[in-house]
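These notes concern the structure reproduced below.
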Amino acid sequence: MSQRIVLIHATPLAVAPINDTFKLLWPEVEVSNLLDGALSVDRAKEATLTPRLYQRIDALVDYALSIDAAAVLFTCSAFGAAIEASAQGKTLPVLKPNEAMFEDALGKGRNIVMLATFGPAVKGMEEEFRELAAARQVDATLTSYVVPGARDALNAGNAHLHNQLIVEAAMQHQHADAILLAHFSMEIAYPQVSSAVSCAVLSSPQSAVNKLKRVMN
C-alpha cells in the first residue's frame, strides 16, 4: 500500500510547485494537500509567531494524523518554530519546508546566499540555518535578500516577471557557493536561475522530496 504524505500549505502559490516536484522525483507516492490560505495572510500581520498561530499549525498536523499521514511536509517557510513545536512527540516525520535544503546547502560551502520573496519568513529561516550549522559544527554563513516585486508579480499571475526578477537577483550573487530559493513558490524560477548562474542553486521542494524518499524508503 502506498504511503500517504500530507502537504500543508499556507498559500495556494505553493501547491502546484511541490506537487509537480513529487510527480517528477517520486511519482509513485500518494500525496494529499491541505490548504489554509488564511495562515500566510495572518502571519504577514504579525511581527512574530503568536500562540494562536502555534495552535493552528498543531491542529493541522493533528488533522493530517487523523487521515493516516505517514509523513507531513509544510510548504510555507514562515512557521518554522511552530512546526518544530508540533513535531515534538509525534511518531511520524514532520518536516519544515527548508530543513532539507539547508542540510544540502551546508555541503556546498561556507558562503550561502538565500533569495526570498516573502519578507516575514526570512528572520525565522535565518535562525533555523544558524542553529543547523551550529549543531553540525559547520562554519557557514547565510546572507538573505528579499527580491522586491517578485511576490506581488506572482500573486497577480505574472510568473514571467516573478522569474525574471529572481534571475536578475541571482546573477548579482553568483559569487556564492550556493544560492537558495527560499520558498516553494519560487520553484517555477529554478530552471531559469540555474541556467543563468555559475554556482549551485538549491530549491526547497527538490531537497524536501529527496529527503522524504530517503527517510521513508
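Every number here is computed from the coordinates shown, using simple stated rules; none is lab data. In this text, all values refer to a predicted model and were calculated from it rather than measured experimentally. FYI the Cβ positions are ideal-geometry reconstructions off the backbone, even for glycines, and counts take in every protein chain you see.
Toward the positive end of the charge dipole of segment 1-152, about the Cα centre and with charges on Cβ (Lys, Arg +1; Asp, Glu -1), which of ALA47, GLY109, ALA78 goes farthest?
Of ALA47, GLY109, ALA78, it is ALA47.
Can you divide the C-alpha Rg of the chain by 2.2 N^0.38 Å and report the result to two decimal places?
0.96
Could you name the lysines whose alpha carbon sits less than 18 Å from that of LYS45, not counting residues in the same chain fewer than 8 places away?
In chain and number order, the partners are LYS123.
Please state the charge dipole magnitude for segment 99-203, taken about the Cα centre, from unit charges on C-beta atoms (+1 on K and R, -1 on D and E), reported in debye and rounded to the nearest 20.
160 debye
Can you tell me the 0 to 90 degree angle between the C-alpha axis of helix 15-25 and the longest principal axis of the chain, rounded to 10?
The answer is roughly 90 degrees.
Net charge near ALA64, counting Lys/Arg +1 and Asp/Glu -1 over other residues with Cβ under 15 Å of its Cβ?
Every neighbour counted, the sum reads -1.
Please give every one of the aspartates and glutamates within straight-line cross-link reach of LYS108, meaning a C-alpha to C-alpha distance under 18 Å, and leave out same-chain neighbours fewer than 8 residues apart.
Answer for LYS108, where 18 Å is the Cα cut-off: GLU99, GLU126, GLU128, GLU131, ASP139, ASP177, listed by chain and number.
Which peptide among 42-52, 98-108 comes first, and what is the full order, when sorted by highest mean count of other Cβ atoms within 10 Å?
98-108, 42-52
Working from Cα positions, state the angle (0 to 90°, nearest 10) between the long axis of helix 159-171 and the longest principal axis of the chain.
With rounding to tens, the tilt is 60 degrees.
Relative to the first principal axis of the alpha-carbon coordinates of the chain, what is the inclination of helix 51-66, with its axis defined by its Cα atoms, in degrees from 0 to 90 and to the nearest 10?
It is inclined by approximately 60 degrees.
Whole-Hz Karplus ³J(HN,Hα) for segment 41-49, in order, using 6.51 cos²θ - 1.76 cosθ + 1.60 and θ = phi - 60°, x for Gly and Pro?
4, 6, 5, 5, 7, 10, 6, 9, 5
Would you give the gap between the C-alpha center of segment 73-113 and the C-alpha center of segment 156-217, rounded to a whole Å?
Result: 16 Å between the Cα centres.
Restricting to Cα pairs below 8 Å that are 6+ residues apart, what does the relative contact order work out to for segment 99-203? Please round to a whole percent.
Details: 165 pairs, mean separation 34.6, N = 105.
Relative contact order, segment 99-203: 33 percent.
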